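First the structure, in the form of structure tokens, and then the observations on it.
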């Protein structure tokens, strides 16, 4: 059975080499993943890595919204992987290869932007109706805007002050004395 290394080439775990045997692995920031990385830029489950007994490797993004890049080029959400290629998902760069192989020097590629789709937009949707000033009355121009006009300060109400439990207020100085004494 061939063993592989998953090498992390960027992010918080740069330089990490994770040994993998044939099987299916989830990689992400969620504690339920097989391979957990502490990186807020990652999805809970960023990638699914599948290594077959014959040595083939398949990588799949967990969502269609997160495209994979192979050596800097967008390739979709699932790929058959060749050893030592650099795969990018979000801002994570990884490479996979056999443990016993001599690894080439890996340089991070520039990630090409995803292909853009031309959108046909209906011009009627984009037009914003203009207001004809002749349809406005004089009162529309004379209205004053006040942010706090109807707002009352909630702290001035006696019911708010009455709702504070006096026992808690007495406990605050006692707690401070205990903290200082310790």
In region 69-91, anything out of contact with any strand residue (DSSP E or B) (no Cβ under 8 Å at 6 or more places or on another chain) and over 19 Å from residue 4 (Cβ atoms) is listed as 73, 90, 91
Any chance residue 111 is surrounded by 13 or more Cβ atoms within 10 Å (Cβ to Cβ) and in a loop (DSSP other than H, G, I, E, B)
yes
Residues of region 65-74 being part of a loop (DSSP other than H, G, I, E, B) and either in contact (Cβ under 8 Å) with a residue 24 or more places away in the chain or buried (at least 20 other Cβ atoms within 10 Å of the Cβ) (or both), which ones?
66, 67, 71, 72
Take residue 78 and decide whether it is under 24 Å from the mean Cα position of the chain (by Cα) and under 21 Å from residue 108 (Cα atoms).
yes
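Listed here are the residues, each with its yes/no results for (1) within 30 Å of residue 53 (Cβ to Cβ); (2) at pLDDT 95 or above; (3) surrounded by 10 or more Cβ atoms within 10 Å (Cβ to Cβ).
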| residue | (1), (2), (3) |
| --- | --- |
| 84 | yes, yes, yes |
| 89 | yes, no, yes |
| 94 | yes, yes, yes |
| 100 | yes, no, no |
| 106 | yes, no, yes |
| 115 | no, no, no |
| 121 | no, no, no |
| 124 | no, no, no |
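The values are calculated or read from the model by the stated rules, or taken from the named source; none is laboratory data. Since the model is a prediction, treat every value here as computed from it, not as a measurement. Heads up, the Cβs are rebuilt from the backbone with ideal geometry, glycines too, and the neighbour counts pull from every protein chain shown.
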